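Peer 1: This is the structure, below, for whatever I ask next.
The values are calculated or read from the model by the stated rules, or taken from the named source; none is laboratory data. Worth saying up front: this structure is predicted, and the values here are computed from it rather than measured. As a convention, Cβ positions derive from the backbone with ideal geometry for all residues, glycine included, and neighbour counts pool all protein chains shown. Just the protein is used for accessible areas: all its heavy atoms, side chains included, with ligands, DNA and RNA removed. Shrake-Rupley method; radii C 1.70, N 1.55, O 1.52, S 1.80 Å.
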Amino acid sequence: MLTKTPATIITGFLGAGKTTLIRHMLSNAKGKKIALIINEFGDLGVDGDILKGCGSEACTDDDIMELSNGCICCTVAEDFIPTMEKLLDRPDRPDHIVIETSGLALPQPLVRAFNWPGISTRVTVDGVVTVVDGPALRDGRFAHDEGAVAAARAADDSIDHETPLSELFEDQLACADMVVVNKSDLMSPEEAAKILAGLKDGARSGVQVIPSSMGALPVEVLLGMAAAAEADTEARHEVHHHHHHDDDEDDDHHDHDHDHGHDEFETFIVTRPEIADAGVFAEQVADTIRSHDILRLKGFAAVAGKPMRLTLQAVGPRVDTYFDRPFGAEPRETRLVVIGQAGLDREAITAALSA
């Protein structure tokens, strides 16, 4: 069976830090071959030039495709679908496709486009990541420079939707599988905690809300959500049914240590003997994730009486399992990788998963 290529949609307003987050991801891709679709307008091509300057083996200049004919959610048939088909037809198909939308694009029409016949059997939306400006939210704004966002929209006559910017921001949040609160280092811990809690209270069940400084998030946190968002469009419906767009020349393109921020996350491994029941264990994993706010959990389990190895992947409270292959020379044991923000109670998590 042909495996669908995962695609991640990254949205957020001008200046939130989308390009910085993507640049960091490409520089720390851990062997993944990533293709990038950038939705820009006019002749500037700013984001494309910045990302092409990465010199990343994960994403060469040939892997970066720019859509400059207008707002991506307004030009799906003319621009986006043909670009996706071109990427998927390549003999060296990428491991992952990342789409940086204009800050003025509605994410929902783009997610629905993945159900188009030409691409629906070949690609899936791994997740929608909405990047927000933490200090701006703290100060009661949806973007660092709301005037610049409004000016960008006024300058682009390709937009066929008249969504007020504050409502578009709500649409971006409604569609997200992960909300990244960027520039968290520019807030006090109390301010950041208040913003994170407020966003989490208003989000759908299972949406992860995490802080970031300079977009420095581990690639295993951003990619691998397996949300299949195109099959879940009703749950992430537009709060407002209008339309939009903008060119994201992020205002925080400074050089920085690519490992900066990774110490805000931690990963450890839990090993235990074989389990008795796959279904019961999946519930045990889900309960542990809910109790300890784990971001991601993945690994393999040995099930008593079963010759096949059980693969387990969990994002938030959603746990997916399937038997992938017979055990080989490796020991019949259960081995799980736990990923979360720094400060996880490793002892309690290990005890909960080993019970």
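Peer 1: Determine the gain in length on full extension of the stretch residue 333-residue 115; use 0.36 nm per residue of separation and subtract their C-alpha separation, reporting nm with one decimal. Working shown, then result.
Peer 2: Working: separation 218, 0.36 × 218 = 78.48 nm, distance 3.90 nm.
So the extension gain works out to 74.6 nm.
Peer 1: Can you work out the PRE-style zone for residue 306? Point 7 Å along Cα to Cβ, and I want the residues of the stretch 320-341 with backbone N under 20 Å.
Peer 2: 320-338
Peer 1: Among 289-299, 270-280, 213-223, how do they line up by average Cβ neighbours within 10 Å per residue, starting with the highest?
Peer 2: Details: 289-299: 18.5, 270-280: 13.9, 213-223: 22.2.
Those peptides, ordered most packed to least, come out 213-223, 289-299, 270-280.
Peer 1: Using the scaling law 2.2 N^0.38 Å as the reference, what is the normalised Cα Rg of the stretch 265-354? Write out the running numbers ahead of the final one.
Peer 2: On the way: Rg = 12.4 Å, N = 90, 2.2 N^0.38 = 12.2 Å.
That ratio works out to 1.02.
Peer 1: Under a 1.4 Å probe, what is the accessible area of the stretch 265-354 per residue, stated in Å²?
Peer 2: Working: 4390 Å² over 90 residues.
That works out to 49 Å² per residue.
Peer 1: Would you mind checking the pairs 18/298; 4/194; 30/194; 18/194; 183/298 and listing those with alpha carbons more than 31 angstrom apart? Write out the running numbers ahead of the final one.
Peer 2: Numbers: 18/298 27 Å; 4/194 38 Å; 30/194 33 Å; 18/194 22 Å; 183/298 29 Å.
From 18/298; 4/194; 30/194; 18/194; 183/298, over 31 Å: 4/194; 30/194.
Peer 1: Mind ordering 92-104, 129-141, 4-16 by average Cβ neighbours within 10 Å, highest first?
Peer 2: On the way: 92-104: 23.4, 129-141: 20.8, 4-16: 25.7.
Per-residue mean Cβ counts within 10 Å order the peptides as 4-16, 92-104, 129-141.
Peer 1: Would you mind computing, in nm to one decimal, how far apart the modelled labels at residue 272 and residue 33 are, each placed 7 Å from Cα along Cα→Cβ?
Peer 2: 3.8 nm
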